[in-house]
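Report on one structure; see the data block that follows.
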Amino acid sequence: MTRLTELSIYPEAKLTANELLDFLSASPTAWQAVARAEEELQAAGFIRYEQAEKLSLKTGDKGYFVQNGSALLAFQIGRDPLKQGFRIFGAHSDSPALKLKPQVISPSEGVNRLAVEVYGGPLLNTFFDRPLSLAGRVSLKSDNPLKPQVRLVDFKRPLLILPNLAIHMGNTSNEGLKIERQKDILPFISLQGENDEVDHDLLRKLLAEELDVDFDTILDYELLTYEAAPPSFCGLDDCFISAGRLDNLSMFKAGLDALIHNGQAEDPGTGIKVLLITDNEEVGSRTKQGAAGLFARDLLERLALALGADRADFLASFANSFMISADLAHAVHPNYPEKADPGHRPRLNQGPVIKQAASQSYSSDAYSSSAFRQLATAAGVPCQTFVNRSDLRGGSTIGPISSALLPMPTVDCGNAIWGMHSIRETGGVLDPYYMEQLVRYFYSL
Ligand code: ZN
């Protein structure tokens, strides 16, 4: 057996994976992920442009826009930008979680529980019996009623827990589990004294303390749960990554690092390099910060106009453009090999996976898949293919949505993982490196 550590790429791949763990720890929600990306972009000389700003750009310029605090479009202007078109790498920033309801305290039997909605499609059984924390954003009173102040918050400590029912009290989950969202999914935050009145302001008080503001300045919040335990490596030679939000912050990070790397190159290559990060993929993308919204197309048009083009030039630039839509893929699970198509069996640590579907739930076609394979070969990266079993519908992603609004060849791809949408997903230690190498090459063209 060849040990992973004997591979020549292992040290660098481990470093890339370590940086990913850092990024995941700093990014419990899409808002924190975008804020962290901003820090990294700014440190690398990318300029933040405001949406209200009038732009003028030239080759060599690099910058970014933020949409709603949870989506991002970063760019670098290469040589001959309009003729060569856009080179877009897209990924989503959100992950499945529990989202706090406005009227959040729900007492029962001396315990203060939090009322939550389910965001996206998490594997709910994985949320039981593990300390959870809370993060998101809070809006505060401001002078302009239309523009409340926004602050990010991350409690960074175990605050909630959702205990299972004991096996002796009729818990039949070993035989199969039916989870009722309204009844079963209410994490516990505190115990109540017998004669205490229910404190419905408990959470707001906690937020005021955490943000060091007056209680009555807090107007509203968007808070999501995340697992308090940090991500980690696992397995012989740390062959696995065990972490929440690999879907899809690992692809966000690969694109971010590749763009920043290209931003340091003496020759930026040709065309307009774009990192497109959209929110709300887990709930259908149809929002102002989602892939089904217009913000990405509008911003791309603004980049073209800022380079001195007109609308016809912008539309013509699509002819030479290309998009990689990156979102995670399913590795064949050794305990359930029958769940994967017999001819398409992606594995961990074997490189990015091209995702195809006759239903067009993935945007890849023979043309864009071939281009992707050529990119992988040129970058020295292995590459695999996924299709659903014919009797399974499978998932979808931003590729088909984006390519309907940005009609250019688009490929859907992503690294292979197990346990997608679990509170801890399992990926391979080499794959983040492989994906980043491929995207670096794509941006360098
Ligand atoms: Zn995803």
Practice problem: Using the charge dipole of the chain (Lys, Arg: +1 at Cβ; Asp, Glu: -1 at Cβ; taken about the Cα centre), state which of 211, 188, 291 has its Cα farthest towards the positive end. | Solution: 291
Exercise. Just the number, please: carbon plus sulfur as a percent of the accessible area of the range 157-290, 1.4 Å probe, no ligands or DNA/RNA counted.
Key: 51 percent
Exercise. Return the carbon/sulfur percentage of the accessible area of the range 309-369, one whole number, probe 1.4 Å, all protein chains in place.
Key: 51 percent
Quiz prompt | Amide H contacts of residue 329 (H built 1.01 Å from N, under 5 Å, at least 5 apart or other chain) | solution = 415, 416, 417
Quiz item: Modelled label-to-label distance, residue 333 and residue 50, 7 Å Cα→beta-carbon offset: nm?
Solution: 4.9 nm
Quiz item: Of 161, 179, 200, whose Cα points farthest to the positive end of the dipole of the range 97-226 (charges on the beta-carbon: +1 Lys, Arg; -1 Asp, Glu; origin at the Cα centre)?
Solution: 179
Quiz item: Helix 295-306 versus the longest principal axis of the chain: what is the Cα-based angle in degrees, 0 to 90, to the nearest 10?
Solution: 40 degrees
Exercise. Indicate, rounded to the nearest 5 percent, the antiparallel portion of the DSSP beta bridges found entirely in the chain.
Key: 70 percent
Quiz item: Order of 206-213, 154-161 by packing, highest average Cβ count within 10 Å first?
Solution: 154-161, 206-213
Quiz item: With all protein chains present, how much of the accessible area of the range 1-118 (probe radius 1.4 Å) comes from carbon and sulfur, to the nearest whole percent?
Solution: 48 percent
Quiz item: For helix 366-379, what angle does its Cα long axis make with the longest principal axis of the chain, in degrees from 0 to 90 and rounded to 10?
Solution: 90 degrees
Self-check item: Kirkwood-based Rg to Rh ratio, the chain, C-alpha trace
Solution: 0.98
Quiz item: When ranked by the protection proxy of mean other Cβ atoms within 10 Å per residue, highest first, what sequence do the peptides 168-175, 274-281 form?
Solution: 274-281, 168-175
Exercise. Take the alpha carbon gyration tensor of the range 71-161, find the square roots of its eigenvalues, order them as a ≥ b ≥ c, and report rounded if a/c is under 1.5; if not, report prolate when a/b exceeds b/c, else oblate.
Key: oblate
Quiz item: Excluding ligands, DNA and RNA, what is the solvent-accessible area per residue of the chain at a probe of 1.4 Å, expressed in Å²?
Solution: 45 Å²
Quiz item: Check residue 101: other-chain or 5+ apart residues with amide H under 5 Å from its amide H, H built from backbone geometry?
Solution: 115, 116, 117
Quiz item: What list of ³J(HN,Hα) values in whole Hz, one per residue of the range 313-323 in order, does the Karplus curve 6.51 cos²θ - 1.76 cosθ + 1.60 (θ = phi - 60°) give from phi, with Gly and Pro shown as x?
Solution: 4, 4, 5, 5, 5, 4, 4, 10, 9, 8, 10
Self-check item: Sequence-distant residues sharing a close amide H with residue 422 (under 5 Å, placed H)
Solution: 123
Self-check item: Alpha-carbon centroid distance for the pair the range 341-367 / the range 251-283, whole angstrom
Solution: 22 Å
Quiz item: Tilt of helix 30-43 relative to the longest C-alpha principal axis of the chain, in degrees (0 to 90, nearest 10)?
Solution: 40 degrees
Practice problem: Considering only lysines 8 or more places apart in sequence, or on different chains, count the pairs in the range 1-123 whose C-alpha atoms sit under 29 Å apart. | Solution: 5
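The values are calculated or read from the model by the stated rules, or taken from the named source; none is laboratory data. Computed from a predicted structure; not experimentally measured. All Cβ positions, glycine included, derive from the backbone under ideal geometry; neighbour counts span all protein chains shown. Calculation scope for accessible area: heavy atoms of the full protein, side chains included, ligands and nucleic acids excluded. Shrake-Rupley method; radii C 1.70, N 1.55, O 1.52, S 1.80 Å.
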